[in-house]
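**Student:** Let me begin by handing over the structure; questions about it come next.
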Amino acid sequence: MPQRSLLNLAWYAFLQRVLQVIGVLLFRVRCEGLDNIPRDGGVLVVSNHQSHFDPPLVGMGCPRRMNYLARDTLFRFAPFRWMIRSLDAIPIDREGIGLAGIKESLRRLKRGEMVLIFPEGTRTADGRIGRFRPGFTALAVRSKAAILPVAIEGAYAAWPRRQLIPRPGTIHVRFGPPILPEEAAGYEERELLAEVERRVRQCRAELRLHPVFASDSRCSLRERYAGSRSEPRLS
């Protein structure tokens, strides 16, 4: 495990607590499925992407420290550069994660840390989950890390991508059962991709059963159906 200074650890814990307070007061943030988070070992955390809120939303509810990916262009803005460096963010290029980002993500997973990714590649345009881009599952397989599916609901309504300023709302986050390394090894790459996406969709469908999200029942039923389908296994 990496050795971080006490100051760095305290800073992360302080920010996490501040975000928890803000999240509860302004967005009634609630996290579910915390028992599904592995207590140790490398974990590739895979979430849908609804808004700019998403990285702190996933991190604030997790009892373990989260590693975040950040676009390399964000490091050019001095105040934000200081903030994301203080959180040990992993720089990625405009086209995706990039070779340097892949290597650093692998290093952190191999030494037993958690790394958060959004395989849709961009924030949703309409609140629905887009198709996952291939390639990210290799990080978990090569590092022998667990894959933890996560779903966020309500963040799109609070801060859609074409809105400059967020508005108060209700946001829930659900951590699903992890895919352990020995289970992931039994899948072909495209099967594993489909299974991770299915589990994230299922997590979101379960969140949408809450009355506060029940206004769009058609979308909820569609997500539940997508989450319940099983991809065929190859022989």
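**Student:** Report, in deg cm²/dmol and to the nearest 500, the calculated mean residue ellipticity at 222 nm for the chain, where each DSSP H run with n ≥ 4 adds -39500 (n - 2.57) and the sum is divided by the residue count. The partial results should precede the final answer.
**Tutor:** On the way: 9 runs with 97 residues, N = 235.
The helix contribution divided over the chain gives -12500 deg cm²/dmol.
**Student:** Using modelled amide H (1.01 Å from N, peptide plane; none on Pro or chain starts), what sits under 5 Å from the amide H of Asn67, excluding residues fewer than 5 places away?
**Tutor:** For Asn67, whose amide H was placed from the backbone, the distant partners under 5 Å are Met114, Val115, Leu116.
**Student:** Next question. How about the range 15-103: which chymotrypsin sites (Phe, Trp or Tyr not before Pro) there are in a DSSP loop, with at most 14 other Cβ atoms within 10 Å of their Cβ?
**Tutor:** Phe77
**Student:** Give, to the nearest whole percent, the P(r) tail of the chain beyond 34 angstrom, counting all Cα pairs.
**Tutor:** On the way: 3061 of 27495 pairs.
The share of Cα pairs beyond 34 Å in the chain comes to 11 percent.
**Student:** Springs between alpha-carbon atoms under 10 Å, Gaussian network over the chain: tell me which of Gln163, Gln202, Gln50 tops the mean-square fluctuations.
**Tutor:** Taking springs between Cα atoms under 10 Å, the residue moving most is Gln163.
**Student:** Shifting gears a bit: Take each uninterrupted DSSP H stretch in the chain, measure its Cα extent along the helix axis, and return the ones at 24 Å or beyond whose mean Kyte-Doolittle hydropathy is at least 0.0. Show your work: numbers first, answer last.
**Tutor:** Working: long enough: 6-27 (30 Å, 1.60); 189-207 (28 Å, -0.93).
Long hydrophobic helices here: 6-27.
**Student:** Could you list which residues have their amide H under 5 Å from that of Val29, counting only those 5 or more apart in sequence or on another chain, with H placed in the peptide plane?
**Tutor:** When sequence neighbours closer than 5 places are left aside, the close amide H contacts are Val24, Ile171.
**Student:** Something else: Which of Gly61, Gly33, Gly127 ends up with the largest GNM mean-square fluctuation for the chain, with Cα atoms connected below 10 Å?
**Tutor:** Result for the chain, Cα springs under 10 Å: Gly33 fluctuates most.
**Student:** Using the Karplus curve 6.51 cos²θ - 1.76 cosθ + 1.60 with θ = phi - 60°, work out ³J(HN,Hα) for each residue of the range 58-70 in order, rounded to whole Hz, and write x for Gly and Pro.
**Tutor:** 6, x, 5, x, 8, x, 9, 5, 9, 9, 10, 9, 9
**Student:** So, one more: In whole Å and largest first, what semi-axes does the C-alpha gyration tensor of the range 74-182 yield when each eigenvalue is scaled by 5 and square-rooted?
**Tutor:** Working through the eigenvalues yields semi-axes of 25, 20, 14 Å.
**Student:** Something else about it: Looking only at the range 6-182, where both bridge partners belong to it, what percent of the DSSP beta bridges are antiparallel (to the nearest 5)?
**Tutor:** Rounded to the nearest five, the antiparallel share is 25 percent.
**Student:** Moving on. What is the mean projected area of the alpha carbon convex hull for the range 1-126, to one decimal in square nanometres? Please list the in-between numbers first.
**Tutor:** Details: hull surface 34.0 nm².
Orientation-averaged projected area of the Cα hull: 8.5 nm².
**Student:** Also: About its Cα centre, what dipole magnitude does the chain give when the only charges are +1 on Lys and Arg Cβ and -1 on Asp and Glu Cβ, stated in debye to the nearest 20?
**Tutor:** The dipole of the chain has a size of about 480 debye.
**Student:** Still on this model: Taking GluC sites (Glu not before Pro) as exposed when DSSP calls them loop (any state but H, G, I, E, B) and at most 14 other Cβ atoms lie within 10 Å, what is the longest stretch of the chain free of them, the sites themselves excluded? Please list the in-between numbers first.
**Tutor:** On the way: sites that count: Glu95, Glu188.
Result for the longest clean stretch: 1-94.
**Student:** Ok, one more. Bin width 5 Å, alpha-carbon pairs only: give the P(r) of the range 74-123 as whole percents, running from 0 to the bin holding the largest distance.
**Tutor:** Pairs per bin, as whole percents: 4, 18, 24, 28, 20, 5, 0.
**Student:** Here is a further query. Quick one: P(r) of the range 25-94 from all Cα-Cα pairs, 5 Å bins, percents rounded to integers, in order of increasing distance.
**Tutor:** For the range 25-94, the pair-distance distribution reads 3, 12, 22, 25, 18, 13, 6, 1.
Rule-based calculations on the coordinates, nothing more; no lab input. Note that the structure is predicted; figures quoted are calculated from it, not measured. Every residue, glycine among them, receives a Cβ derived from its backbone with ideal geometry; neighbour counts consider all protein chains shown.
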